[in-house]
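Inspection log for the structure reproduced underneath, given as structure tokens.
The values are calculated or read from the model by the stated rules, or taken from the named source; none is laboratory data. Quantities reported herein were computed from a predicted structural model and do not represent experimental measurements. Every residue, glycine as well, gets a Cβ built from its backbone with ideal geometry; the counts of neighbours run over all protein chains shown.
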């Protein structure tokens, strides 16, 4: 009765069962998996956000497949703002921007644009587990390529090149990666462009955490990449800490002929779905401007929690955190005496602290836990004392 693309394993896993069991007993759990910024104790400009949704123009239906010009111009202005000090890069044309309700929808548009049935997309490992579901729903085959850790994360270009086949259509990058927090370096960017030119591939770059570099200035966006056909995805969920507003986009860049062809086809895909609503598009300029208030708070919270984590780790020898450059997460390396899921369940039951096991993010071996850095500091401090106390027994 149902399609093969939805033949997922729907049974509840042991980790989720353990969470439900604890909540059913009325126990209060300290959450080190939080990803929702609206539940992270931030102070939002409520009046400005609510007022941005009050536009008389919402009563007029003006279908624009790529999104309303005012919203796309606001996105282009955001990139001008963040790239102002990075050199003479080409300016982003609002006509090369396609608005979507989420980066997930953006991925779907790009996969549909590039791939026929069971064509291949290369994806990093470890990384966010969303790709598996998107690939299933779009009849795309995912082929992993490894990120290697040696005093920092790097792309394994030898394995990446070997993964390319005649059916490969694109390479996914997460810049910075979730959960490793590693940015694509300039040298890696050049190698990726060369690989794409050699094999006729596209780059698909998820930059939702781009503005959250922990140290120094922000990193360069792929939205100005001209050396290979590039689809850069981002949105308000992370940029302005507003996941509920459902505004995202795809910026198409690269050689002009390829960009023109991609934009034309993408416009038809977007026109077919017409998923963006007028109120949120009209509010986009104001909501994007809210980033300056929210990003300052989030980065302060991330840095405080990271400093607290390092302080506690310095008092023991069992665990260590891996290097992280950006984003909202930290990876903790722990003794691999059991599976990561079993360890996360043990931590939950014995300390009432929720952490993510590394295998949720496709770590290839056990011995890794993933921690959210946007948890409230007092909760983070108490939770880490409990976790490290258990792990150092």
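A single member of 336, 330 is in the same structural domain as residue 21 (by TED's automatic domain parsing), on the phi < 0 side of the Ramachandran plot and outside any loop (DSSP other than H, G, I, E, B), and it is 330.
Which of (1) surrounded by fewer than 17 Cβ atoms within 10 Å (Cβ to Cβ); (2) farther than 21 Å from residue 375 by Cα; (3) in contact with a strand residue (DSSP E or B) (Cβ under 6 Å, 6 or more places away or on another chain) is the odd one out, the single condition residue 248 does not satisfy? Unmet condition: (1). Scanning region 88-123 for residues that are without any contact (Cβ under 8 Å) to a residue 12 or more places away in the chain and touching a strand residue (DSSP E or B) at 6+ places or on another chain (Cβ under 8 Å) turns up nothing.
Does residue 23 meet the test of being surrounded by 10 or more Cβ atoms within 10 Å (Cβ to Cβ) and assigned to a helix (DSSP H, G or I)? Answer is yes for this residue.
Only a single criterion out of (1) assigned to a helix (DSSP H, G or I); (2) in contact with a helix residue (DSSP H, G or I) (Cβ under 9 Å, 6 or more places away or on another chain) is not satisfied by residue 231, namely (1). In summary, strands (runs of 3 or more DSSP E) completely within region 97-190 and bearing 2 or more residues that are buried (at least 20 other Cβ atoms within 10 Å of the Cβ) and out of contact with any helix residue (DSSP H, G or I) (no Cβ under 6 Å at 6 or more places or on another chain) occur at 120-125, 168-174. In the set 322, 354, 313, 288, only one residue is buried (at least 20 other Cβ atoms within 10 Å of the Cβ) and touching a strand residue (DSSP E or B) at 6+ places or on another chain (Cβ under 8 Å); that residue is 354. In region 360-384, the qualifying residues are those that are within 21 Å of residue 328 (Cβ to Cβ) and either more than 26 Å from the chain's Cα centre (by Cα) or surrounded by fewer than 19 Cβ atoms within 10 Å (Cβ to Cβ) (or both), and the one that is modelled with the lowest pLDDT is 362.
Just to be sure before I move on: is residue 258 at pLDDT below 95 and part of a helix (DSSP H, G or I) in the structure I sent? So residue 258 does not fit the description; no.
Taking the stated definitions as given, is residue 217 exposed (fewer than 15 other Cβ atoms within 10 Å of the Cβ), in the same structural domain as residue 77 (by TED's automatic domain parsing) and touching a strand residue (DSSP E or B) at 6+ places or on another chain (Cβ under 8 Å)? Even if it seems obvious, please write down each step before you answer.
Details: exposed (fewer than 15 other Cβ atoms within 10 Å of the Cβ): yes; in the same structural domain as residue 77 (by TED's automatic domain parsing): yes; touching a strand residue (DSSP E or B) at 6+ places or on another chain (Cβ under 8 Å): no.
Against the criterion (exposed (fewer than 15 other Cβ atoms within 10 Å of the Cβ), in the same structural domain as residue 77 (by TED's automatic domain parsing) and touching a strand residue (DSSP E or B) at 6+ places or on another chain (Cβ under 8 Å)), residue 217 does not qualify.
For region 195-228, filtering for residues that are assigned to a strand (DSSP E or B) and under 16 Å from the mean Cα position of the chain (by Cα) leaves 5.
Would you confirm whether or not region 28-46 contains a residue that is free of Cβ contacts under 8 Å to residues at least 60 places away in the same chain, over 28 Å from the mean Cα position of the chain (by Cα) and either assigned by TED's automatic domain parsing to the domain that holds residue 245 or exposed (fewer than 11 other Cβ atoms within 10 Å of the Cβ) (or both)? Give the derivation first.
So in region 28-46, the residues free of Cβ contacts under 8 Å to residues at least 60 places away in the same chain come out as 39, 46.
Then drop every residue that is not over 28 Å from the mean Cα position of the chain (by Cα), which leaves none.
No: zero hits.
Among the residues of region 1-16, write down those that are assigned to a helix (DSSP H, G or I) and more than 11 Å from residue 349 (Cα to Cα). Lay out the reasoning, then the answer.
As a first pass, look at region 1-16 and keep what is assigned to a helix (DSSP H, G or I): 4-6, 14-16.
4, 5, 6, 14, 16 - these are the residues of region 1-16 that are assigned to a helix (DSSP H, G or I) and more than 11 Å from residue 349 (Cα to Cα).
Criterion applied to 152, 181 was being under 27 Å from residue 373 (Cβ atoms) and at pLDDT below 95, and the one residue passing it is 152.
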